Amino acid sequence: MNRRSFIYRASGITICLPALARKPALPYMDRIGLQLYTLRNPIKEDLGKTIREVAKTGYKQVEPFGFPSPQAIDLITQSRDQGMQVNSSHFDWNSLLAPGKKGVQPFEKILETARKHKLTDLVVPYLHEVDRADLNAYEKTAETLNKGAALAKEAGIRLAYHNHAFEFKPMHKGKTGYDVFVESFSPDMSFEVDVFWVKVGGVDPISMIGKLGPRISQLHLKDLKKGTPCPNYGKLEKDAFDEIGDGMIPMKPIMRAAQKAGVKHCHVEQDHSPAPLQSIRKSLRHLNS
């Protein structure tokens, strides 16, 4: 008991001092991830040094790209050596949608390699134009991905689809490709929601998270330069990709909405930056602030 408390108690006076306000912890910060595509250029120059910088910056997990390339496997190994988790990777989606393409490994082989490297999630990162040409193409794509998701589930791996903005472009009678995916994906097929591209597509990310709920496996946290016109289904300038906290997307409410929806992982990403290592530091500082 300190001297002030003794005096107050001895005099019979009870004073209720206000408790110190504690800022609620932002969800996911104990396992915050980084999509390594952000650092593709530094990785080309020195993979090991780049991964050490990611760990030093404070990221707890990473999501590689290009699996099962030798580089992707090296990213997995070296990231884990630095104490970071690797649960998910973007992979060669041609194994599902263009299996006859030269040099493409069978999807079953990719699943085998993913299990070997203890991945829990694989993500389809993009679509060729032929697979999204119209609503019928989206329906065929969804059917193929559902079959892949069933195979992945048998291997103990979750398959998800990563959006861009083009899926939100209205097609026949205003229906979008993303509408098709929401309607047609099986319970085994998940969504990796990129909040940047959702916003560019003219949709509110928090509303999308609420709509999809537990169907979302992971989020990509990426900020959009203030004043960027939305929707935009075409090409963006590189400077539209901003560090978290500098742009127009309120990331902290999004992360809280993701927690409520049961989303497991959140990964920072920035497709373009003249100084990507500085950018990932700045984004993480904002989330930790």
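For the reader, a short list of remarks on this structure follows.
- Fully extended contour minus Cα-Cα distance, from Lys175 to Gln105, at 0.36 nm per residue: 21.8 nm
- Candidate cross-link partners of Lys199 among the aspartates and glutamates, defined by an alpha-carbon separation under 18 Å and a same-chain spacing of 8 or more, comprise Glu167, Asp179, Asp223, Glu237, Asp239, Asp242, Glu243, Asp246, Glu269, Asp271.
- Helical contribution to [θ] at 222 nm, DSSP H n ≥ 4, -39,500 (n - 2.57), averaged over the chain, rounded to 500: -12000 deg cm²/dmol
- Scaled against 2.2 N^0.38 Å for its residue count N, the alpha carbon radius of gyration of the stretch 174-235 is 1.16.
- Volume per residue of the C-alpha convex hull in the stretch 33-126, rounded to whole Å³: 91 Å³
- Charge tally for Ile206 (other residues, Cβ to Cβ under 13 Å; Lys, Arg +1; Asp, Glu -1): +4.
- Mean projected area of the Cα convex hull of the stretch 133-175, taken over all directions, amounts to 3.2 nm².
- Ranked by the mean number of other Cβ atoms within 10 Å of their residues, highest first, the peptides 40-51, 251-262 come out as 251-262, 40-51.
- Excluding ligands, DNA and RNA, the accessible surface per residue across the stretch 216-288 is 46 Å² with a 1.4 Å probe.
- The stretch 157-202-the stretch 94-116 distance, computed between alpha-carbon centres (Å): 23 Å
- Computed on the Cα atoms alone, the convex hull of the chain gives a volume of 184 cubic angstrom per residue.
- Partner lysines whose Cα lies under 25 Å from the Cα of Lys118, excluding those fewer than 8 positions away in the same chain, are identified as Lys44, Lys49, Lys56, Lys60, Lys109, Lys147, Lys153, Lys264.
- For the stretch 58-193: rounded, prolate or oblate by the Cα gyration tensor [a/c cutoff 1.5]: prolate
- Put simply, the C-alpha atoms of the stretch 128-246 give a gyration tensor, and the ellipsoid matching it has half-axes of 25, 18, 12 Å, longest first.
- Shape call, the stretch 151-196: gyration tensor on alpha carbons, a/c limit 1.5: oblate
The values are calculated or read from the model by the stated rules, or taken from the named source; none is laboratory data. These numbers come from a predicted model, not from an experiment. When we count neighbours, we look across all protein chains shown, and the Cβ atoms used for this are built from the backbone with ideal geometry, even at glycine. These accessible areas exclude ligands, DNA and RNA; they are computed on the full protein's heavy atoms, side chains included. Shrake-Rupley method; radii C 1.70, N 1.55, O 1.52, S 1.80 Å.
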